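Scroll down for the structure; my scribbles are underneath it.
The values are calculated or read from the model by the stated rules, or taken from the named source; none is laboratory data. No experiment lies behind these values; they were computed from the predicted model shown. FYI the Cβ positions are ideal-geometry reconstructions off the backbone, even for glycines, and counts take in every protein chain you see. Side chains are part of the model used for accessible areas, which takes the heavy atoms of the whole protein and leaves out ligands, DNA and RNA. Shrake-Rupley method; radii C 1.70, N 1.55, O 1.52, S 1.80 Å.
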Amino acid sequence: MSGKTDALLERRNHHVPQGPFNVTTAFVKEAHGAVMVDVDGRELIDFAGGIGVNNVGHCHPKVVTAIQDQAGKCIHSCFHVAMYEAYVELAERLNHLAPGDFAKMTMFANSGAEAVENAIKVARYATKRPAIICFENAFHGRTLMGMTLTSKVKPYKFGYGPLAPEVYRMPYAYCYRCSFGLTYPSCGTACADHLEEFFINHVAAEQTAAVIAEPIQGEGGFVTPPPEYFPKLKAICEKYGIVLIIDEVQSGAGRTGKYFAIDHWGVTPDVITMAKSFAGGMPLSAVIGRADMMNASHVGGLGGTYSGNPIACRAALAVLEILFEDNLMAQSVKLGNVLEARFNALQQRHGIVGEVRGKGPMLAMELVEDRESKTPATDKAKALVGRCFDKGLVLLSCGNFGNVIRTLMPLVITDEQLDKGLAILEESLEEVERS
Ligand SMILES: Cc1ncc(COP(=O)(O)O)c(C=O)c1O
């Protein structure tokens, strides 16, 4: 820190509350591709991507052009007052892209949490049932329903109750720390079968509107279920007429080498929530779902003043063009392979790396004090993130113990930037392990 950063930090601490947290002390002046430059001219390689928002990179020229063009034509008319083509076109594109050989409809909101709120409204309205089943380690946002569905108590829920009623939580497929004390594959994915027992001990199936799950838990530690997990969950949901909501807010838009992460499991959700990277940095989220469910709600029950803002919709259309026509999806797969090889090598060299998991470039390392006890190395993960930042790499931790190091770098990162960032990470990991 120096000069402008110090002065801004002092102003920030004086005028902005501590609740809106900061992972680093950096103030960004500009950012392009996978590099941010702070107000003091310091270059930072970005492995955080604004928490998984910048898959197409900071200020991608096509996104900037779309935003500029739309800003000169119409910034806001409110979709509920005077409609515009970009909203409809984006909905059409998403309906075609989403898995499932059935009619779909899409509505837009502003944030991931808002998409989740709307998905729950849609599921409750369509089924006329109240209960929602969510999972341990889940993160679904900071609104009332979002934080209720979220698992980790501190900092997300502590002191903010009472929380929303009719929300039930069951263990997830966290094989590295199995809640049932079992080992994959001999467990037979008992964690998925547990849903049937859950209906006996916690909430009746015929009272349950939806099961909501992240395909790869983001904030919860990039927890990645085995191949059988989602097909089993889906079959049980189908058996009881329960809506399966898949929250792709962090895992979607090409992050895992596929547009929707759930496609890795070959499962068709009834409803999908999207946000973050799908609009290239503009505040936009989507709820994509079966047409009959999405269209069940009465007129005026869904929406919002800014929902599906035209500039944000244009940005999201540009992101789709970059991913599919400019072939960034292929780059995502390539990047994932490089990261996996480097992380696996780190695991071989360092006992502190307990597990490497994820899909494509949505990859993580869970740090432990030793592999026997699996004691979460929370302080070491924190120290690692700090050391990386001091050396010019922005990196995020996650997980309920804060001991998981995750990668959410822009998919457009150059080989040189990636190499430099990984070298910082590797050097810092060695230092932290030795300290
Ligand atoms: C899976 C998931 N759902 C919902 C949210 C909430 O999104 P937002 O912060 O845009 O409200 C997040 C944010 O990290 C997320 O990862």
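What is the packing order of peptides 87-99, 12-24, taking the mean over residues of other C-beta atoms within 10 Å and listing the highest first?
Highest-to-lowest ranking by the protection proxy: 87-99, 12-24.
What does the accessible area per residue of the chain come to in Å², with a 1.4 Å probe and no ligands, DNA or RNA counted?
On the way: 18530 Å² over 435 residues.
Accessible area per residue, the chain: 43 Å².
Carbon and sulfur atoms: what percent of the 1.4 Å accessible area of the chain do they account for?
53 percent
Loop only by DSSP, 13 or fewer other Cβ within 10 Å of the Cβ. Give me the chymotrypsin sites (Phe, Trp or Tyr not before Pro) in segment 97-145 that pass, ordered by residue number.
PHE102
Tell me which GluC sites (Glu not before Pro) from segment 322-382 have a DSSP coil assignment and no more than 15 other beta carbons within 10 Å of their own.
Taking segment 322-382 and a limit of 15 other Cβ atoms within 10 Å, the loop GluC sites (Glu not before Pro) found are GLU372.
So for each of 383-389, 271-277 I average, over its residues, the number of other beta carbons within 10 Å; can you give me the resulting order with the highest mean first?
The peptides rank, most packed first, as 271-277, 383-389.
Tell me the chymotrypsin sites (Phe, Trp or Tyr not before Pro) within segment 161-191 that lie in a loop according to DSSP and have at most 16 other beta-carbon atoms within 10 Å.
For chymotrypsin sites (Phe, Trp or Tyr not before Pro) across segment 161-191 that sit outside H, G, I, E and B with at most 16 neighbouring Cβ atoms in 10 Å, the list reads PHE180.
For the chain, modelled as a GNM with alpha-carbon contacts under 10 angstrom, which of PRO61, PRO269, PRO185 fluctuates the most?
Checking each option, the largest mean-square fluctuation is seen for PRO185.
Considering only DSSP beta bridges with both partners in the chain, what is the antiparallel share in %, to the nearest 5?
The antiparallel proportion sits near 65 percent.
Given the rule -39500 (n - 2.57) for each run of at least 4 DSSP H residues, summed and divided by the residues of the chain, what is its mean residue ellipticity at 222 nm, to the nearest 500 deg cm²/dmol?
Working: 13 runs with 157 residues, N = 435.
After summing the helix terms and dividing by residue count, I get -11000 deg cm²/dmol.
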